[in-house]
Amino acid sequence: MAARVLPVLRQRRGVADQSGLTAAQRTANLAGALEMAPAGARLLGAGCVVLVDDVMTTGASLAEAARALGGAASAGVLAVRDEP
């Protein structure tokens, strides 16, 4: 299966450092922080989207990224993380 890395998300606003925050605080900190870049939906097409988080603690970053993609990822969103 071929894969491509595409710049489809961008930051809408700054966020506080996540370290030391509870899960609820991380979710609130990131709420609405990401948006789809212009032409992001066109770049995604109808393919499967894989979101990768290099350090997943509570999943708040992945959840916000999936929210920002909205319905553009019509084939589904898969989130993965690297387990140390």
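The values are calculated or read from the model by the stated rules, or taken from the named source; none is laboratory data. Computed from a prediction, not measured in an experiment: that's the story for all the values here. As a convention, Cβ positions derive from the backbone with ideal geometry for all residues, glycine included, and neighbour counts pool all protein chains shown. The accessibility values were calculated without ligands, DNA or RNA, using every heavy atom of the protein model including side chains. Shrake-Rupley method; radii C 1.70, N 1.55, O 1.52, S 1.80 Å.
Contact annotation: residue pairs with Cβ atoms under 8 Å, 6 or more positions apart or on different chains, pairing a residue in segment 48-66 that is in contact (Cβ under 8 Å) with a residue 40 or more places away in the chain with a partner that is open to solvent by 50 Å² or more (accessible area, probe 1.4 Å) and in a helix (DSSP H, G or I), are Ala60/Ala23; Ala60/Thr27.
The criterion of being open to solvent by less than 90 Å² (accessible area, probe 1.4 Å), modelled with pLDDT of 90 or more and under 16 Å from Ala66 (Cβ atoms) does not hold for Ala16. Here is the figure for segment 53-84: residues that are farther than 20 Å from Ala16 by Cα and modelled with pLDDT of 80 or more total 2.
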